[in-house]
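First the structure, in the form of structure tokens, and then the observations on it.
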Amino acid sequence: MSHEQGTTFSKHIATLLALHLALVSTIYPTIFAEDIHNESNKNFTSKSASTFIEVSNASDGVDVNGYIVYCPCMGRFGNQADQFLGALAFAKSVNRTLVLPAWVEYIPYKTGSIQVPFDKYFKPEAILPYHKVITMERFMTELAPKVWPPEKRFSFCYIQRGNGKGCDAKDGNPFGPFWDNYKVDFVGSEIFGPELHYLAIYKGNGKLSWQEKYPGDTWPVLAFVGPPSGFPVESTNVHLQEYLVWQDDIEKKSRDFISSLPKGPFIGIHLRNGADWSRACELVDGTQTHLFSSPQCLGYHQENGKLTAEMCYPSTSTIIKQLKRAVKKINATSIFVASDRNHLITDLNTALQNLNVVVRKLPYDSPHVDLAVLGRSNLFIGNCVSSFSAFVKRSRDVHGFASEFWGYPPDLRRIKNEIRQNELDHDEL
Ligand code: GFB
């Protein structure tokens, strides 16, 4: 990489980071007026209420190998779900019980964040076939008094953060509100880098290094300032999506909605087109290797091509063209649209009227029901760059359902024309 390219690349990274931090710490339209009730758990009713503790290997229900606790302090739902899969793999690798953190959500036009218990959306029992888990709420009330008394609460970080000398685990939003939600204060910090890294579990004896440096008897709880995992999800952990099973009420809402659609196959589409997204996509100028979740279509080693602006923020004409093709391909009778802003219902209904399909969206706002419906569609078309779309793609892969992405593979003729047009414009100047 030349110095100039390097500088441009660094500028992009810096801009993206700043954008990301600004976006996650301010006002996000992420909490919706969805009243999710705790219905009985149909598939897992055989498990007793204490299942999560019974999987532990001591008579008093305490896991002698210890626990992993962390704050999902980066990004919104899609980002958090990506990192959850990595954290799950990490906990399994070091053989500690994973404490399921709350989902961090941001309230529109309000500072701060709220913490939504993990099991409001997903069934913890469904994770047990893979690894031992307990919700943060149960951990704090039932086990923390025994294994993690206030005087033993150290926060773990790779490198010093904030203004102090340690992890400053509660500095900023959502860090402070997350731990406050569980009334956790830290008495000190444990900086594990640079000798150790959570990624060590993917190399040689890495997982043993964690166990040797932090044995369960002297360090019963490793409380990480952020997820012990990367973003996007490591390729080896993509399959762990199968253990994220929706709670029954979300399943029911998605099934009810689907049964209200005309009989026949339906296409589920994700239109990520809010203001934050258009700002992020402005950075796509052909020089980046990856952006956010783009490895899901471009490949983790970029083996499937380059990122284009159309893949990040597809034009309405691209969306219509791809949809027309897809409708014919699967003989769809309806299209379900999920979006964070503009569902394009009128444009799509008008453009597709000759094909006899109806275009619908949920009659209420719920990202989780949107995800569940998209997951069940006969064909899904998502945004390769978005981690919200990535959640859907992974959940469909579990069942072998078909998925496509906007603008992918890129329309080479269109790109050539754009380049030619740019050259003409330039010549005219
Ligand atoms: O899920 P997420 O991390 O995906 O964040 P990206 C996007 C959020 O926008 C979701 C809402 O968690 C939802 O709250 N949202 C997006 C939607 N699409 C839909 C939809 O179809 N229906 C509904 N109801 N809500 C990244 C962020 O978003 O975008 C980063 O995580 C950063 O922090 C970046 O802001 C620009 O990967 O798409």
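Debye calculation, C-alpha points only, no solvent: report log10 I(q)/I(0) for the range 48-195 at q = 0.19 Å⁻¹, in the same order as the q values. For the range 48-195 at q = 0.19 Å⁻¹, log10 I(q)/I(0) is -1.32.
Look at the alpha carbon pairs under 8 Å that are at least 6 residues apart: their mean separation over the length of the range 247-415 gives a relative contact order of 34 percent.
Counting charges near Ile345 (Lys, Arg +1; Asp, Glu -1) among other residues having Cβ under 13 Å from its Cβ returns a value of +2.
Within the range 86-171, the chymotrypsin sites (Phe, Trp or Tyr not before Pro) that combine a DSSP coil assignment with at most 13 other C-beta atoms in a 10 angstrom radius are Tyr109. When the listed pairs Lys123/Lys152; Lys253/Lys361; Lys92/Lys123; Lys123/Lys263; Lys132/Lys393 are checked against a 21 Å cut-off, the alpha-carbon distance exceeds it for Lys123/Lys152; Lys123/Lys263; Lys132/Lys393.
Around the Cα centre of the range 338-389, unit charges on the Cβ atoms of Lys, Arg, Asp and Glu (plus for the first two, minus for the last two) sum to a dipole of about 120 debye. Positive contributions from Lys and Arg (+1) and negative ones from Asp and Glu (-1), summed over other residues with Cβ under 15 Å from the Cβ of Leu98, come out at +2.
In this label model, Leu355 and Leu199 are separated by 4.1 nm, measuring between points 7 Å along each Cα→Cβ vector. Length available on full extension from Arg325 to Tyr130: 0.36 nm per residue minus the Cα-Cα distance, which gives 66.3 nm. Looking at the range 234-315, the GluC sites (Glu not before Pro) that sit in a DSSP loop and have at most 14 other Cβ atoms within 10 Å of their own Cβ are Glu282, Glu303.
Taking only the Cα atoms of the range 242-284, the ratio Rg/Rh comes out at 1.17, with Rh defined as the Kirkwood radius.
Taking 25 Å as R0, compute the FRET efficiency from the Cβ-Cβ separation of Ile345 and Glu282 and round it to 0.05. Don't skip to the end; give the middle numbers.
Details: r = 26 Å, r/R0 = 1.02.
Computed FRET efficiency for Ile345 and Glu282 comes out at 0.45.
Which Cα, out of Trp246, Val225, Leu261, lies furthest along the positive dipole direction of the range 164-313 (beta carbon charges, K/R +1, D/E -1)? Result: Leu261. What translational diffusion coefficient, to the nearest whole µm²/s, does the range 289-413 have by Stokes-Einstein, given a Kirkwood radius computed over alpha-carbon pairs, a temperature of 4 °C and 1.567 mPa s viscosity? Estimated diffusion coefficient is 86 µm²/s.
At the residue level, Thr318 shows approximately 20 square angstrom of accessible surface with a 1.4 angstrom probe and all protein chains present. Taking the alpha-carbon centroid of each part, what is the distance from the range 366-415 to the range 177-250 in angstrom? Between the Cα centres of the range 366-415 and the range 177-250 lies a distance of 28 Å. Electrostatic tally near Ile201: other residues with Cβ closer than 15 Å to its Cβ, Lys and Arg +1, Asp and Glu -1, net +2. Between the beta carbons of Lys165 and Arg255, assuming R0 = 60 Å, the FRET efficiency works out to 0.70 to the nearest 0.05. Note on the range 213-319: Cα convex hull, mean projected area over all directions, 12.2 nm².
Taking the Cα centre of the range 67-235 as origin, work out the dipole magnitude from +1 charges on Lys and Arg Cβ and -1 charges on Asp and Glu Cβ, in debye rounded to 20. All intermediate terms of the calculation are to be shown ahead of the outcome.
Values: 18 positive and 16 negative charges, 22 e Å.
Charge dipole of the range 67-235: 100 debye, to the nearest 20.
The values are calculated or read from the model by the stated rules, or taken from the named source; none is laboratory data. Treat the numbers as computed from the prediction; the structure is a model and nothing was measured. Virtual Cβ from ideal backbone geometry, glycine too; neighbours counted across all protein chains shown. Note: areas computed on protein heavy atoms with side chains; ligands, DNA, RNA excluded. Shrake-Rupley method; radii C 1.70, N 1.55, O 1.52, S 1.80 Å.
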